[in-house]
Every structure is written in structure tokens, then in C-alpha cells.
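What follows is calculated from the coordinates using simple rules that are stated; it is not laboratory data. On a predicted model such as this, the values are computed, not experimentally measured, just so you know. Here Cβ is always computed from backbone atoms with ideal geometry, including for glycine, and neighbour counts include all displayed protein chains.
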């Protein structure tokens, strides 16, 4: 099999390659093709992967690693691909800096995928994702596309409009949440049935069954165990007991909006600004010392993971749990999905897939995030509890924004783009939406110049 990674010069690509090296899926992969528009980034990540392969070969007696190729030609990367991992960042980290800082300067949440920043990111990402989908349809029509590109649910839905159900979006947050909740009860993921529903970065753990019994109420009633893991500490036992579910960590930006804005502003530096400097230093360091590429990458990875969503940890000196720092996780979900399809090895995963009636109140073509059973035929959604009340209303509103973003990109319509911004529940004024749009046109002009 040929595995193509779009955004192949991205910092997180070695996580995917490590999963490829460490799983049986590797037995079927003959080539890992990295594509990126930046030659220097490709070269740096190529050094990291080469050293990863050397370390793996020295420690293992298995078959040699698949050949790694790099190219700046999209068509060359896609030609003959069996699986395509899409992890592009349109506008680079500078785009993220604009997304976050522009919103903060207007008194709104400045975050990459949630709120106005997510809308801006989507307005840049969707045109590129649609263009990629068209090329996949021509050059690798039988390939499965596994989408990492954020906003994951929105971009997956856009690509499905071209390629259908052969596009699947992934995120590690829901499975990480379920794993931590189960662990607080002394259980492991294989021992539980997960009742999780929503859309990407906007979902809730509504049930957790072991031996046919829902044990989530037991966890919610136990304050000590509930606040022993990240989401419990983040939202607090009182709020989780009130909503009778455990939200995805990204719901913190909706449930505690003023708090999150204040804490991000107090930090003096947005996450995008931090990463922009960190990754510039990383690529420069590898350029100076390519023989130490893996060592440099590993050090930066640990620092990056330890500071993930730091604005949500309000206790002085609070740190992420050690297993989360080591974690990652999305790459394991991707490889498990790939193995289930390629070798018909059934797996239950939480994925971004077409609704098709699974969640009442949402369109059939809406991409939702729910547990799925994956086989050679692809993912099939499993039964979950329906969303109700506030949760359903919030998902419906944000999904309507997603659809406006896709429409705006297809029509290249500034008016619809402004409507998408104004419709988001974290944007409180049409006037502010117009100011956001003007800011995007000024700060990231090449990506919005085509909008009429």
C-alpha cells in the first residue's frame, strides 16, 4: 500500500510515522509519501523520519520500514495512493496567529478551531480541501482519505461533498475523554461501551456501560473520582453533575467563555504565537544540525504537549497528566482505522462521519462525531443517545455555521462569509463579524482575495 501524507512537512508527522513503525499495519505499506508546499519543512521532517527508522531497525528484527519519499508535487504524491492522510494548514501558523489575535483584540475568544478563529480557519481550509478532493478523485479514486485538517468536522464534510463516505475525519479528544473516565472507575476502554455524541470539538460523553450497566452516573456522583482526571478538574464536579454528562474539553470555551478569554489575554501570548516561535526555532535547529533531527524533535514535542490547552488549567503550577504529555493519540486512531479497512480487522472508534439519521435534529449529510464499527466496508455508526435541549441547540447552531462556511467558499461570497461569522454563538454582533472579515482581508489577503 502507498500511504500519502499531505502536510508532510508538519511537526506532528513523526507521530504518524512512529505509529506506522509500531503497528502490524506496517506490513502492508510499501511507501510513505510526504507532500508539502515548503521544501525546507519537508527536508527537516525527512531527517527526523530517517532517524526514527534507524532507531526502529536497531531495536527490532521485523521487516525493514517502508520507503519514505518527499515531494512538493500534489499529483505525484496522490498518484497510486491507497490511503491519504490530510493534515494541511492553509496560511501556516501565521494564519493561526491572525485568527487568534484578531478575535482577542475584538473582545472575542481567540482559539484555533472554536469560535471566530475556527470560522476563519475554515474559510481558508475548505477551498484547498475541495481542490485536494478533486485531485484524489482523478488520481486515486479508490483511496480512503483520513482527514486531520482542522476544523476537522467542517473540512471532512466539505471533502465528502466530492468523494462521499470515503472521507473520514479523526480526532483523539473523544477517545481520550472516554479512556480517562473509564480509568477513574478502574476500567479499561475494551471493557466499556461508549455513548458519545456531537460534532468535532463539540460533543458529550453521555454514558459508559460495563457488563450491560451504565456506570457513568456512578462516576458523576463521586466528586473525588470525578475530579481525579482532566475534564473533571476542568469543568468542576458541580457543573458536570448539573449537566449529567462529561463534555469534550473544548466545551470549556463555550461553558466558560469569559474565563477563557481572560486567561488567554492574561497569558500575553496566544497559542499560535507560542507555536510560531517554537516551530521556527525547531526547523532552524534541524537545518543547522540535521544529524540530531530526531533528538531535537523529541524535545520540542514534549514541551509542546505539556503546554497544550494551558489556558484551561487555572491552578498555579498545574501540569498535564504524564500519560497525556506522552500521549498524542490521533495517530493511533488513524492507524487503527487504516488497519480495520485494509485488513478487515474490526475496530470500534469515535470518528467524524456522515450523520445519515444517527443523530435526530441534524441533516443526513452533516458530519457528526460518534462511535463507529469499522470493517473493510468502512465505518458504520453505532447507536448513541440523542442530543437534547441546550446540547442539541448548540450543535445545530454550530453545524449551520459549518454549512454557511462551505457555501461561502463554493460561491466565493463575502456576504455569506460574514453571515457565517455573525451566526456563530461566540460572536455577539453583526458589526463585529464585519470587523473580523475586514481583519482577515487585511491580515491574510491572499487567502480571501477571491471572495466577492
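Separation of segment 132-162 from segment 165-236 is 28 Å, based on Cα centroids. Applying 1/(1 + (r/R0)^6) with r as the Cβ-Cβ distance of residue 242 and residue 138 and R0 = 41 angstrom yields a FRET efficiency of 0.20. Counting beta carbons within 10 Å around each of 374, 384 and listing the fewest first gives the order 384, 374.
Can you compute the helix-only [θ] at 222 nm over the chain? Use -39500 (n - 2.57) per DSSP H run of at least 4 residues, normalise by all residues, nearest 500 deg cm²/dmol.
When only DSSP H runs of four or more count, the value is -16000 deg cm²/dmol.
Simple spin-label estimate for residue 411 and residue 211 gives 5.7 nm between the two label positions (7 Å along the Cα-to-Cβ direction from each Cα).
Placing R0 at 41 angstrom, the Cβ-Cβ distance between residue 390 and residue 345 gives a FRET efficiency of 0.60 after rounding to 0.05. Expressed as a fraction of 2.2 N^0.38 Å, the value expected for a compact globular protein of N residues, the C-alpha radius of gyration of segment 222-294 is 1.66. Global size of segment 111-186: 15.1, 49 Å for Rg and Dmax (C-alpha atoms, Rg to one decimal, Dmax whole).
Among 228, 423, a tally of other beta-carbon atoms within 10 Å of each Cβ gives an order, fewest to most, of 228, 423. Stretching residue 267 away from residue 430 to a fully extended chain increases their span by 55.9 nm, per 0.36 nm per residue minus the current alpha-carbon distance.
Normalised radius of gyration for segment 56-199, please: alpha carbon Rg relative to 2.2 N^0.38 Å, two decimal places. Intermediate values should be presented prior to the final figure.
Values: Rg = 18.8 Å, N = 144, 2.2 N^0.38 = 14.5 Å.
Cα-based Rg divided by the globular estimate yields 1.29.
Calculation over all alpha carbon pairs of the chain in 20 angstrom steps from 0 returns a P(r) of 25, 61, 14, 0 percent. Restricting attention to the chain, close to 55% of DSSP beta bridges with both partner residues there are antiparallel. Taking label positions 7 Å along the Cα-Cβ direction at both residue 54 and residue 255, the computed distance is 4.8 nm, reported to one decimal.
Compute the Cα gyration tensor for segment 16-98, then decide on rounded, prolate or oblate, letting a ≥ b ≥ c be the square roots of its eigenvalues: rounded whenever a/c is under 1.5, prolate when a/b is larger than b/c in the other cases, and oblate in all that remain.
Working: a/c = 2.18, a/b = 1.64, b/c = 1.33.
Because a/c hits 1.5 or more and a/b exceeds b/c, segment 16-98 counts as prolate.
Derived from the Cα gyration tensor, the three semi-axes of the equivalent ellipsoid of segment 389-448 are 22, 14, 8 Å, largest first.
Using the number of other C-beta atoms within 10 angstrom as an exposure proxy, rank 298, 391 with the fewest first. Mind showing how you got there, number by number?
Working: 298 13, 391 20.
The order, fewest Cβ neighbours first, is 298, 391.
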